[in-house]
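Written out below as structure tokens is the structure these notes cover.
The values are calculated or read from the model by the stated rules, or taken from the named source; none is laboratory data. Not measured: the values here are computed from a predicted model. Positions of Cβ are backbone-derived with ideal geometry, glycine not excepted, and every protein chain shown enters the neighbour counts. Accessible surface areas use protein heavy atoms only, side chains included; no ligands, DNA or RNA. Shrake-Rupley method; radii C 1.70, N 1.55, O 1.52, S 1.80 Å.
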Amino acid sequence: MIKPNFYTTSRISETKAIVTIVVNPDLEYFEGHFEAQKVLPGVVQIGWAQEFAEEIFGIKFEGGSPAVKFTSPILPNDRLKLTLEYLPEKKRLAFEYIITSKENEKASSGKLVTE
């Protein structure tokens, strides 16, 4: 998966991290999704959460997504705060995308199954 061009990662604790992202408008994921208004696909949001969590926490995923909710579209040039919380006792990764360039509007959140 192709990560955004501009991001920073901050590990807050053993199990929590924050990734700040600027969504570059030339990402290939915007092609054909949609013509009238480009929207970052949900599968990319999940993929980024997994990739950053693997990099930061050194965890792997089984592939399950017991709960994912998309509440607001992420558009080109949006600024995001991705919060990752690893819950090892539950074998889950909780994630939440906040659009900081839109008054901290929640874009999506969910839990992913880890190994």
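Just give me the residues in the range 65-79 being open to solvent by 30 Å² or more (accessible area, probe 1.4 Å), of a type outside the set (Phe, Trp, Tyr) and touching a strand residue (DSSP E or B) at 6+ places or on another chain (Cβ under 9 Å), in sequence order.
Just the residues of the range 65-79 that are open to solvent by 30 Å² or more (accessible area, probe 1.4 Å), to begin with: 65-71, 73, 75-77, 79.
Okay, now just the ones that are also of a type outside the set (Phe, Trp, Tyr), so 65-69, 71, 73, 75-77, 79.
Those that are open to solvent by 30 Å² or more (accessible area, probe 1.4 Å), of a type outside the set (Phe, Trp, Tyr) and touching a strand residue (DSSP E or B) at 6+ places or on another chain (Cβ under 9 Å): Ser65, Pro66, Ala67, Val68, Lys69, Thr71, Pro73, Leu75, Asn77, Arg79.
For every residue, the table says whether it meets (1) acidic (Asp, Glu); (2) surrounded by fewer than 17 Cβ atoms within 10 Å (Cβ to Cβ).
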| site | (1), (2) |
| --- | --- |
| Met1 | no, yes |
| Ile12 | no, yes |
| Thr20 | no, yes |
| Val43 | no, yes |
| Glu62 | yes, yes |
| Lys81 | no, yes |
| Leu93 | no, no |
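Anything in the range 60-86 that is among the aliphatic types (A, V, I, L, M) and either touching a Pro at 6+ places or on another chain (Cβ under 6 Å) or assigned to a loop (DSSP other than H, G, I, E, B) (or both)? List them, or say none.
Of everything in the range 60-86, those that are among the aliphatic types (A, V, I, L, M) and either touching a Pro at 6+ places or on another chain (Cβ under 6 Å) or assigned to a loop (DSSP other than H, G, I, E, B) (or both) turn out to be Ile74, Leu75.
Of everything in the range 26-41, what is open to solvent by 50 Å² or more (accessible area, probe 1.4 Å) and in contact with an Asp or Glu (Cβ under 9 Å, 6 or more places away or on another chain)? Give them in sequence order.
First, the residues of the range 26-41 that are open to solvent by 50 Å² or more (accessible area, probe 1.4 Å): 26, 28, 31-38.
Selection gives Lys38 alone.
Go through the range 6-28 and count every residue that is within 18 Å of Pro88 (Cα to Cα), β-branched (Val, Ile, Thr) and part of a loop (DSSP other than H, G, I, E, B). Break it down into steps so the answer makes sense when it comes.
Taking the range 6-28 first, the residues within 18 Å of Pro88 (Cα to Cα) are 11-18.
Right, trim to β-branched (Val, Ile, Thr) and you get 12, 15, 18.
Pick out the ones that are also part of a loop (DSSP other than H, G, I, E, B) and you get 12, 15.
The total comes to 2.
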